[in-house]
1. What is the distance in Å between the Cα centres of segment 117-150 and segment 160-176?
2. Take the Cβ-Cβ distance between Ala206 and Val82 as r, set R0 to 22 Å, and report the resulting FRET efficiency rounded to the nearest 0.05.
3. Using +1 on the beta carbon of Lys and Arg, -1 on that of Asp and Glu, and nothing else charged, what's the dipole of segment 204-309 about the Cα centre, debye to 20?
4. Take peptides 206-212, 145-151 and line them up by average Cβ neighbours within 10 Å, highest first, as a rough protection proxy.
5. For the pair Thr213/Ala184, report the inter-label distance in nm, with labels modelled 7 Å from Cα in the Cβ direction.
6. Let me know the charge dipole size of segment 256-305 about its Cα centre in debye, to the nearest 20, where only the beta-carbon of Lys, Arg (+1) and Asp, Glu (-1) is charged.
7. Under 16 Å Cα-Cα from Lys238, which lysines qualify once same-chain neighbours fewer than 8 residues away are excluded?
8. Just order 177-190, 223-236 by mean Cβ neighbour count inside 10 Å, highest at the front, would you?
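Each reported figure results from applying straightforward, stated rules to the coordinates on display, with no laboratory input. Note that the coordinates shown come from a computational prediction; the quantities given were computed from them, not determined experimentally. Ideal geometry is used to build each Cβ from the backbone, glycine not excepted, and the neighbour counts take in all protein chains shown.
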Amino acid sequence: MSTPTDARHLVALAEQLLAAAGDLRDRVARGDRGAHSALAEVTRSLDALRDSLGAGGPESGGPGPGSADAGPVPLPPLEVTVPVLGVDACKAGWVGAILEPGAPRPRVAVASTIAGLVESVRQSLGIQVVGIDIPIGLPDDSPRRADALARRAMRGKASSVFTTLTRAAYAEDTRAEADAVNRALTGQGVGAQAFALRPKILEVDAWVRSRPTVAVVEVHPELSFAVMAGAPLLANKKTDEGRRDRLAALAAAGLASPSVLTGPGYAADDVLDACAVAWTAARRAAGEARPLPDPPETFTDGVPAAIWA
């Protein structure tokens, strides 16, 4: 158990790391490309230290990306090394943002089913990772740690992460029946958004459990934008300001405006969310993304449950 002296030592170490992060930010601003990896390492070390103190970071509920102590620390532009696909649900079914090496901007694809979207893209491109903005890995009788940790990492945007229901609750046909089942298992009721996404969640669950021959990860676009920009993007994604902020964050991360933003059955916020998911999928392919929790939880379905960013 830590003593007050130990805690003071850890706080002093945190201050040293913050100073080092500030110095590295200055090096990045001067164009010192060798500082990028060092900055990311310092940031990860600082997050881990805050976790151990219980004073911040995703595990403790304190400051996550862009904490007030260090200020927003955007990540350097992404280098896409392999083809990846980011997917978001939309009225038409599913909209995907495709990133590939050398491409000037994300390409957009749409399909009515997740299996159809992935298969259509794979017919012409050997995608290595598929990221999806949907819960993957359904709990048996408790809330998922992934949802709680993602909320804690996004001060000001925590409400964008809903609590995933138990598998038994999603098996029910009505919200009232699901509510009764979920309360009996976890003590928590069923929110409207969590149940409204039931068909999409079950569709992806069935597809993932069919063992597609491609890596599949769960991604929350608001968490991706927060990590990308160094702080959560607080403006509503459906407003003009929200769209501008997200396009600016993607541009700073090395992703130009996608080939199209709207179309039949999908809106600009759907496409921008898919781009953020694709950004994380590319980081996952490069070994740079991290899961919440780490390591992922696994329930009786055997599917790793974690939100990557």
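1. 17 Å
2. 0.25
3. My answer is approximately 240 debye.
4. Ranked by mean Cβ neighbours within 10 Å, highest first: 145-151, 206-212.
5. 4.2 nm
6. Values: 3 positive and 7 negative charges, 42 e Å.
Using only the charged Cβ atoms, the result is roughly 200 debye.
7. Within the straight-line cut-off, Lys238 pairs with Lys91, Lys157.
8. Taking the mean over residues of other Cβ atoms within 10 Å, the ranking is 223-236, 177-190.
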